[in-house]
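Remarks on the structure that follows.
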Amino acid sequence: EEYSLNHITTQVTCLVLFAITGSIWSDFKPQLEKLNRSKFTLVAWDPPGYGKSRPPDREFSLNFLHHDADIAAKLMQSLGLNMFSLLGWSDGGITAMILAAKHPQNVDRMLIWGANAYIVKEELKIYESIRDVSKWSERMRAPLVALYGEEYFQNTWSRWVDTFVSLYRERQGDICKDCLPLIQCRTLIAHGMKDPMIAPEHLNYLLKHIKASRYYVFPEGKHNIHLKYVDDFNKLIEVFMFDNSEYKPNTANIHEEYSVV
């Protein structure tokens, strides 16, 4: 495996992890283009089978997000980046949590959104309702068809749905519950209150089980809050990544909302 990185040394290095069937540019273009390059080094990767990391085709096992976390950790090690922070959306947020749990000595802090550590029954209906990508809006579908082609996009998406259904049936929905208590870095969980992709209960579960976690809510936000509210979200990233105030461990029933001044 060979990796290369062209960068300048900055104050904060972030590994950027995106959602299912996305790519660096389809999912994080406003962050890559607008975050202050004198402050941030952004390492944005396409996991195997996504974006420019093809071949191979995407592989799905019940541990596929754990495998992504292992490869991402090796990538950062190969680049000589031994301390970094994580920006993770959706599946990328799950991968970020796993990576932070497995490599606590390497992860300084983590900002995740649209992520969950387990699957509930009602979410299976959501996944099935979007299985057929031909029924998506053209605005959502067209960029991914252009990137992958109709057949690969549909097959990959459908296999992702199958995998999450299998996780629910074979592992009682558990994706990475055991990882959460192992996360040591300060963590911010951003949440769109109208996110149609994940059940509302996930926010409280993550806050309860990730020790040094806080939350920040977008009241009208859905799943893609970083794309809908670009300026506000980028400000949130910058404030959080440079915030050196004390982060006390959560108690079981008290969760603190994060403040952006």
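With respect to the conditions (1) in a loop (DSSP other than H, G, I, E, B); (2) among the aliphatic types (A, V, I, L, M); (3) modelled with pLDDT of 90 or more, I8 falls short on a single one, namely (3). Residue by residue through the stretch 75-126, note down the ones that are surrounded by fewer than 18 Cβ atoms within 10 Å (Cβ to Cβ) and hydrophobic (A, V, I, L, M, F, W, C). Correct list: L75, L79, L81, M83, V120, L124, I126.
Among the residues of the stretch 212-240, those identified as free of Cβ contacts under 8 Å to residues at least 40 places away in the same chain, surrounded by fewer than 18 Cβ atoms within 10 Å (Cβ to Cβ) and not acidic (D, E) are A212, P219, K222, K228, K235, V239.
With the structure loaded, tell me whether L203 is without any contact (Cβ under 8 Å) to a residue 24 or more places away in the chain and touching a strand residue (DSSP E or B) at 6+ places or on another chain (Cβ under 9 Å) or whether it fails that test. Don't jump to the end; show me each part of the working.
Values: without any contact (Cβ under 8 Å) to a residue 24 or more places away in the chain: yes; touching a strand residue (DSSP E or B) at 6+ places or on another chain (Cβ under 9 Å): yes.
Taking the combined requirement at face value, the residue satisfies it.
Number of residues in the stretch 128-159 that are assigned to a helix (DSSP H, G or I), out of contact with any Phe, Trp or Tyr (no Cβ under 6 Å at 6 or more places or on another chain) and closer than 17 Å to N224 by Cβ: the value is 8. Going through (1) over 23 Å from Q11 (Cα atoms); (2) more than 17 Å from the chain's Cα centre (by Cα); (3) assigned to a loop (DSSP other than H, G, I, E, B) one by one, K208 falls short only on (3).
Applying the criterion of being more than 16 Å from the chain's Cα centre (by Cα) and not in a helix (DSSP H, G or I) to the residues of the stretch 14-49, the residue that is surrounded by the fewest Cβ atoms within 10 Å (Cβ to Cβ) is S38. Quick check on my filter: what residues within the stretch 143-153 are closer than 15 Å to D27 by Cβ and among the small types (G, A, S)? The one that is closer than 15 Å to D27 by Cβ and among the small types (G, A, S): A146. Taking (1) over 20 Å from the mean Cα position of the chain (by Cα); (2) within 19 Å of S26 (Cβ to Cβ) in turn, T156 satisfies each apart from (1).
The values are calculated or read from the model by the stated rules, or taken from the named source; none is laboratory data. Predicted model only: the values in this text are computed from it and were never measured. Glycine also receives a Cβ, built like all others from the backbone with ideal geometry; neighbour counts cover every protein chain displayed.
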